[in-house]
Amino acid sequence: MFDLDGTIVNTIDVIADVFADYARSHGKTLDEDIRKGIPNLKSIVKFFNQFLDTIHGPGNGSVDRKSVMQQFVDGVHQSPALALIPGVDRLVGHLRRHGIPMAVATGNSSRHMAKVAARFGDYFHRGVNFDHLVCGWDDPDVIRKKPEPDVYYVCAKRFQTQPQSLDNVLIVEDSLTGITGALATGMKTLLINDRKDCDFDAVANRITCIADTYANFRPESVGLPPYDINNN
């Protein structure tokens, strides 16, 4: 099971760029704490308002925050920089060829998922690469949001062929919020992160595998078939 933002698609970097562009347009630079907070959002609206407070001052009522937020969202979804994370397509293709079921378990909304998916043709269409997509923000079966583990349990239950054991399920994440929820399930975990935006020391010894990039990840390290040199 793959997270979406920062794990399959580079939306985290694109969001940071949109924030930085807005700050620059107002003669400011993007606060480093804001940049580091983007991957671990728990309340999008609260975080967005914190960002605007750093630009315009706390509680500044002269800014139409709802309108600006919509501009930000549109800017992310329409950005020409939106792309798959380097190396993820190699892994997805490899697992597909070996008949290993895959799904997306994102903490974001179904609207966001649809907007992002539309940028990648049929890549996220059901049955092409992924068995199903679960959007934790508004899926009625996901009671608690990340960093709680609910979205992963719901996602695991929706595989057409149920895993014999949750020990056979791998969760791929990129953020502290995501990997915290993943660890709570007891499933295998893979952390892919080269952004240096968070300290994972408190949980690192519980993560099955950590790699800075997909290029440095070896599937056999988590019990998956190794890459075939001739085909990968």
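The values are calculated or read from the model by the stated rules, or taken from the named source; none is laboratory data. The structure presented is a predicted model; accordingly, all values stated were derived computationally and were not measured. Every residue, glycine among them, receives a Cβ derived from its backbone with ideal geometry; neighbour counts consider all protein chains shown. Heavy atoms of the whole protein, side chains included, go into the accessibility calculation; ligands, DNA and RNA do not. Shrake-Rupley method; radii C 1.70, N 1.55, O 1.52, S 1.80 Å.
Using only alpha carbon pairs under 8 Å that are at least six residues apart, calculate the relative contact order of the chain and give it in whole percent. Taking the mean separation of contacting Cα pairs over the length of the chain, I get 21 percent. In this simple spin-label model, placing a label point 7 Å from the Cα along the Cα-to-Cβ direction at both residue 25 and residue 168 gives a separation of 5.1 nm. Note: relative contact order over region 179-232, using C-alpha pairs below 8 Å and six or more positions apart, is 30 percent.
On the chain, 51 percent of the accessible area sits on carbon and sulfur atoms, based on a 1.4 Å probe. Pairs spanning more than 28 Å between alpha-carbon atoms, out of 46/115; 28/145; 36/157; 66/157; 115/145: 28/145; 36/157; 66/157.
How charged is the neighbourhood of residue 177? Take every other residue with its Cβ under 11 Å from the Cβ of residue 177, and add Lys/Arg as +1 and Asp/Glu as -1. With Lys, Arg at +1 and Asp, Glu at -1, the neighbours total -2. Think of a 1.4 Å ball rolled over the protein heavy atoms: the chain then has 50 Å² of accessible area per residue. Here the scattering of the chain is modelled by Debye summation over its C-alpha atoms, one equal scatterer each and no solvent; at q = 0.07, 0.12, 0.14 Å⁻¹ the log10 of I(q)/I(0) is -0.23, -0.67, -0.91. Seen against the Cα atoms of the chain and their longest principal axis, helix 88-97 is set at about 30 degrees. The separation of region 180-232 from region 46-117, counted between C-alpha centres, amounts to 22 Å.
In terms of its alpha-carbon gyration tensor, region 130-173 comes out prolate; a/c meets the 1.5 threshold, and the first ratio a/b outweighs b/c.
Working value for region 1-129: equivalent-ellipsoid semi-axes of 32, 13, 13 Å, each the square root of 5 times a Cα gyration tensor eigenvalue, largest first. All Cα-Cα distances of region 172-224, cut into 5 Å bins from zero to the largest, leave 4, 21, 35, 25, 13, 2 percent in each bin in turn. Report note on the peptides 74-87, 155-168, 183-196: ranked by the mean count of other C-beta atoms within 10 Å, highest first, their order is 183-196, 74-87, 155-168.
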